[in-house]
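The values are calculated or read from the model by the stated rules, or taken from the named source; none is laboratory data. All values reported here derive from a predicted model rather than from experimental measurement. Neighbour counts run over all protein chains shown; Cβ positions are idealised from the backbone, glycine included.
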Amino acid sequence: MTLRLKLEDDPYSLTQSELDGLKQNERLNAKIHALTQDVLDQRLQPITAKHHV
């Protein structure tokens, strides 16, 4: 969160290491989002199937 604020306030002050950390964090967030969506989809499949019968 601190790096994100720093990116917004003064992006040119970030080091390469900090930029890499932000990039890794974005990748992790994308994976978490995809996995969460997969779990929700799996939970909704039985519910949806019941309503289509």
### Query
Does ALA49 fit the bill of being in a helix (DSSP H, G or I), aliphatic (A, V, I, L, M) and surrounded by fewer than 10 Cβ atoms within 10 Å (Cβ to Cβ)?
yes
### Task
Taking only region 1-25 into account, find how many residues are surrounded by 11 or more Cβ atoms within 10 Å (Cβ to Cβ), part of a helix (DSSP H, G or I) and either at pLDDT 95 or above or in contact with a helix residue (DSSP H, G or I) (Cβ under 6 Å, 6 or more places away or on another chain) (or both).
7
